[in-house]
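The values are calculated or read from the model by the stated rules, or taken from the named source; none is laboratory data. No experiment lies behind these values; they were computed from the predicted model shown. Glycine gets a Cβ as well: all are built from the backbone with ideal geometry, and neighbour counts include every protein chain shown.
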């Protein structure tokens with residue numbers, strides 16, 4: 001026996017706590033009409049989770065609570081607790097004893113407990129459904145509901161039988177699976193929408209990344225070209241520096257020695273008492289020569305500086321011209337004005353039919369576009385104009401310096417000619433007094449030769465410094481474009497020497513690549529980071545979509561499996577019920593035939609848009625259960641031809657048959673024997689005893705035959721104040737009462 005006890009408190013007429021212990025297979029509850037014994041059956045419905053207040057003869061939740069009387073105050077809540085022996089684990093919970101309790105308050109709020117722990121109605125329903133127990137159905141049958149299975153439509157009848165067969169758990173699983181499938185399909189749609197939302201942005205970012213990757217590839221090419229260019233330039237400059245130092249060392253030392261000798265010789269001339277006017281003139285000319293030479297050196301250095309600036313500006317002009325040729329900016333306002341003018345001209349001919357007028361307007365539009373293009377075709381940037389202006393200015397300075405150098409050369413030639421003339425006159429004298437002058441002439445000649453060599457070296461130094469400055473500028477630009485790794489150019493491997501023309505060609509190629517890289521805009525860490533984030537988001541959504549589609553497929557397979565299993569067990573259950581139904585029916589009527597069959601009915605449904613439409617009609621296939629009966633010795637076939645008593649016996653036979661196929665832990669029969677005569681009561685009592693072998697029975701009855709089959713009788717009485725009370729009667733006493 002699974003059912004141990006039932007405790008009622010404040011429920012309907014049971015104002016005070018009442019407890020029923022179920023220690024026998026059959027327990028009968030008896031009492032006069034109006035005593036409240038049917039409230040016991042309704043308390044079972046209540047505690048097992050029944051949500052229809054109407055089925056418990058009420059309108060609102062507070063109708064289930066004792067409302068008070070003259071002597072007893074009304075209760076604030078009603079509660080019912082049922083206790084099961086779960087030692088055999090017929091309930092799927094790891095307790096030997098399980099109590100389920102439900103409380104309703106006057107505000108309509110309900111509370112549920114399992115073994116004293118607060119739970120949801122869903123938890124209670126799932127626990128009971130697995131044990132083939134529910135709040136309504138085949139195991140709680142009242143007098144008025146006995147005929148319900150016969151009068152129900154085929155679909156309702158099928159639901160009752162599914163409940164009796166314990167298939168409700170499949171219905172729960174199907175409902176849960178369909179709910180999950182619907183949610184999964186919603187999630188699939190949401191993920192699809194999210195992918196559609198980010199797709200354009202991802203496409204844009206991908207193009208930006210491709211552009212950045214091209215820039216990175218160009219940067220790598222530029223890095224390689226820079227490496228060779230800088231390495232060759234560095235080797236050249238180092239070699240030129242060493243050569244200048246080496247070649248200038250001896251001439252500088254010789255010049256210092258000659259200067260010292262010349263100084264000594266001049267001192268002798270100045271100290272000589274015999275020096276004459278020619279010697280004085282020679283000294284004067286020599287000073288002039290030194291001044292002219294210094295002036296020429298200064299002009300030569302200035303000329304080198306100007307030439308260097310000219311070359312630098314020309315490189316800038318070249319770069320600007322290349323950039324200008326591929327990317328010429330045009331003010332937006334100018335483009336907008338052109339567009340407005342063209343629209344205005346075209347609007348003027350929108351309804352014009354004269355071809356000559358139309359042609360004239362189109363020629364005007366073409367002329368406007370040609371004028372616009374020619375206006376900006378040769379426009380140069382301010383930076384390019386400024387660079388050209390600087391070159392022109394520097395070219396002018398160069399011309400002035402070259403002219404000054406020519407004037408200095410003329411002056412120098414004149415002084416040298418005069419100097420040489422006096423020198424020759426002094427040399428012609430060959431006088432010992434002229435020995436100092438002779439030394440001066442010799443030293444000066446040697447010094448001029450050395451000075452010429454040093455001047456050549458000086459010019460080469462100017463070119464070297466200019467190249468060194470260009471090298472430093474290229475290194476700075478390279479660091480801006482490709483970063484600090486450019487400083488490792490010294491490890492770049494080069495093969496052999498080459499001409500300066502080839503290096504200059506390489507420099508021009510560098511300039512073109514730098515312009516292309518600047519046009520690409522370089523790289524952007526923010527774009528790369530954003531692309532990575534969006535790409536990861538897309539990858540996540542794809543993975544999530546795959547998971548959702550797998551889940552959807554699994555749920556669909558599960559639903560198919562559940563439906564197949566439900567269908568299989570349902571049809572197998574119908575076969576078993578038919579066997580028992582035939583047995584009970586034959587027992588009740590002394591023969592005859594009774595059976596259940598699965599039928600399908602077409603349900604017609606008009607369109608919701610037009611209920612009077614004769615065209616738009618939907619048809620639904622509705623599966624249900626039909627009952628066929630044939631009484632012995634009578635030409636009575638079909639339920640409609642049965643009398644009230646015959647219907648009662650048929651419904652009892654069917655309900656008992658349903659209970660035999662998959663017996664519930666207990667069955668409550670609420671005056672289902674009320675319409676039976678003495679002969680049928682005996683048959684009913686025999687079926688009761690047969691049923692008690694499989695399920696505990698709680699019988700609410702007036703029938704003496706039924707009472708005699710009970711192990712314990714509970715009597716329900718109602719005193720003053722409308723409060724129900726319980727009295728228990730032992731079996732031997734029950735026999736006396738029954739007789």
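Restricting attention to region 74-114, which residues are outside any strand (DSSP E or B) and closer than 25 Å to residue 173 by Cβ? Result: 86, 88, 89, 90, 91, 92, 93, 94, 95. Please verify whether residue 228 is exposed (fewer than 13 other Cβ atoms within 10 Å of the Cβ) and under 25 Å from residue 478 (Cβ atoms), treating the condition exactly as stated. So residue 228 fails the test.
Residues in region 712-729 that are in a strand (DSSP E or B) and either within 60 Å of the chain's Cα centre (by Cα) or surrounded by fewer than 18 Cβ atoms within 10 Å (Cβ to Cβ) (or both): 717, 718, 725, 727, 728. When region 48-61 is limited to residues that are part of a loop (DSSP other than H, G, I, E, B) and within 51 Å of the chain's Cα centre (by Cα), the one that is surrounded by the fewest Cβ atoms within 10 Å (Cβ to Cβ) turns out to be 59. When restricted to residues that are without any contact (Cβ under 8 Å) to a residue 24 or more places away in the chain and surrounded by 13 or more Cβ atoms within 10 Å (Cβ to Cβ), region 562-577 contains 1. For region 222-233, indicate whether the set of residues that are under 30 Å from residue 526 (Cβ atoms), part of a helix (DSSP H, G or I), free of Cβ contacts under 8 Å to residues at least 60 places away in the same chain and under 48 Å from the mean Cα position of the chain (by Cα) is non-empty. Within region 222-233 (the criterion being under 30 Å from residue 526 (Cβ atoms), part of a helix (DSSP H, G or I), free of Cβ contacts under 8 Å to residues at least 60 places away in the same chain and under 48 Å from the mean Cα position of the chain (by Cα)), the answer is yes, since at least one residue qualifies.
Quick one: how many residues across region 511-561 are in contact (Cβ under 8 Å) with a residue 24 or more places away in the chain and assigned to a helix (DSSP H, G or I)?
30
Counting the residues of region 1-47 that are touching a helix residue (DSSP H, G or I) at 6+ places or on another chain (Cβ under 6 Å) and either without any contact (Cβ under 8 Å) to a residue 12 or more places away in the chain or assigned to a loop (DSSP other than H, G, I, E, B) (or both) gives 2. The residues of region 410-443 that are at pLDDT 85 or above and exposed (fewer than 14 other Cβ atoms within 10 Å of the Cβ), listed by number, are 410, 413, 414, 417. Residue 177 fulfils the conditions (1) surrounded by 16 or more Cβ atoms within 10 Å (Cβ to Cβ); (2) modelled with pLDDT under 85 except for a single criterion, (2).
So that you can scan it fast, the table gives a plain yes or no per residue for (1) within 28 Å of residue 469 (Cα to Cα); (2) in contact with a helix residue (DSSP H, G or I) (Cβ under 8 Å, 6 or more places away or on another chain); (3) buried (at least 18 other Cβ atoms within 10 Å of the Cβ):
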{"site": "205", "(1), (2), (3)": "no, yes, yes"}
{"site": "209", "(1), (2), (3)": "no, yes, yes"}
{"site": "212", "(1), (2), (3)": "no, yes, yes"}
{"site": "233", "(1), (2), (3)": "yes, yes, yes"}
{"site": "241", "(1), (2), (3)": "yes, yes, no"}
{"site": "253", "(1), (2), (3)": "no, no, no"}
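Comparison of 500, 507 shows that the only residue that is exposed (fewer than 13 other Cβ atoms within 10 Å of the Cβ) and under 27 Å from residue 311 (Cβ atoms) is 500. Considering only region 186-201, state which residues are over 30 Å from residue 527 (Cβ atoms) and surrounded by 16 or more Cβ atoms within 10 Å (Cβ to Cβ). Selection gives 187, 188. All of (1) surrounded by 15 or more Cβ atoms within 10 Å (Cβ to Cβ); (2) more than 28 Å from residue 702 (Cα to Cα) hold for residue 64 with one exception: (2).
Suppose the filter is modelled with pLDDT of 85 or more and either part of a helix (DSSP H, G or I) or more than 16 Å from residue 293 (Cα to Cα) (or both); does residue 401 pass it? Yes: the conditions hold for residue 401. Scanning region 145-167 for residues that are under 46 Å from the mean Cα position of the chain (by Cα), in a helix (DSSP H, G or I) and farther than 25 Å from residue 42 by Cβ yields a count of 1. Residue 249 fulfils the conditions (1) surrounded by 13 or more Cβ atoms within 10 Å (Cβ to Cβ); (2) closer than 30 Å to residue 490 by Cβ; (3) without any contact (Cβ under 8 Å) to a residue 40 or more places away in the chain except for a single criterion, (1).
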